[in-house]
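Taken together, the values in this text are just the output of simple stated rules run on the coordinates, not laboratory data. These numbers were taken from a predicted model, which means no experiment stands behind them. Here the Cβ positions follow ideal geometry from the backbone for every residue, glycine too, while neighbour counts run over all protein chains shown.
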Amino acid sequence: MASEKPKSSKASKAPKDGDRVHKLSLKGSAKLVAEFFEYSIHTILYQRGVYPTEDFTVVKKYGLSMLVSADDQVKAYIKKMMSQLNKWTLGGKVSKLVVVITSKDTGENLERWQFDVQLMGKAAKAKAAADAAGKENPSSNAEVAPPPKEKTEKEIQEEIRSLFRQITASVTFLPMLDSRCTFNVLVYADGDAEVPMDWGDSDAKEIQGGEKVTLRSWGTANHRVDTLVSYKLQD
């Protein structure tokens, strides 16, 4: 784990469920973010060929056919990580999740998928107040991200689908991974986050001299997720 130091009375036709303004609770929003992270990891592992195609099974999610790993060790690793990530996301402790693909042969980092998490609106204000209360000399000038416009469930789901389609299409510009690869997941958590004994600090595993491509963002009234992929240029 990487730790940061970093109104009308007239009757009207009722809207369909997907067209209703999506007023997710903070807990519901945090769960949506953590769930997105989980499917992102599986999608990256499949699309980038880190594991054989036959190691994946198809599930329906976000109105898409998603590929998830069926490998017991990979599933256990992701499940264990997600258990902790769910707690940190709900507590507003996570600012970034990174998936790094590394060559098994050379140990070189080849790709780095970065998902930045920003608290929005009331959630951001609550965290800023809590952080200030824990400081000896709190500042009242902390910047808080303005609340985003309310979105329908349909709009949120479409944003997530668009990003997953973009991740899938990334094979058109990312170099082919010819060597055997493995992966690591880094979580940037607040300094006061309670860390399990079997987690440890890590370097940022940046791609030295690599290219960077910014992908789509998505968000709710409480969270915004921005996506960036860095990759090593072929010699």
* Asked: Tell me, in nm to one decimal, what length is gained between Lys149 and Met176 on full extension, where the rule is 0.36 nm per residue of separation less the Cα-Cα distance?
  -> 5.8 nm
* Structure fact -> Taking 157-166, 193-202, 29-38 and ranking on average Cβ neighbours within 10 Å, highest first, one gets 29-38, 157-166, 193-202
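From the cross-link list Lys96/Lys154; Lys31/Lys205; Lys149/Lys232; Lys27/Lys61, which pairs have alpha carbons spaced over 30 Å apart?
Lys149/Lys232
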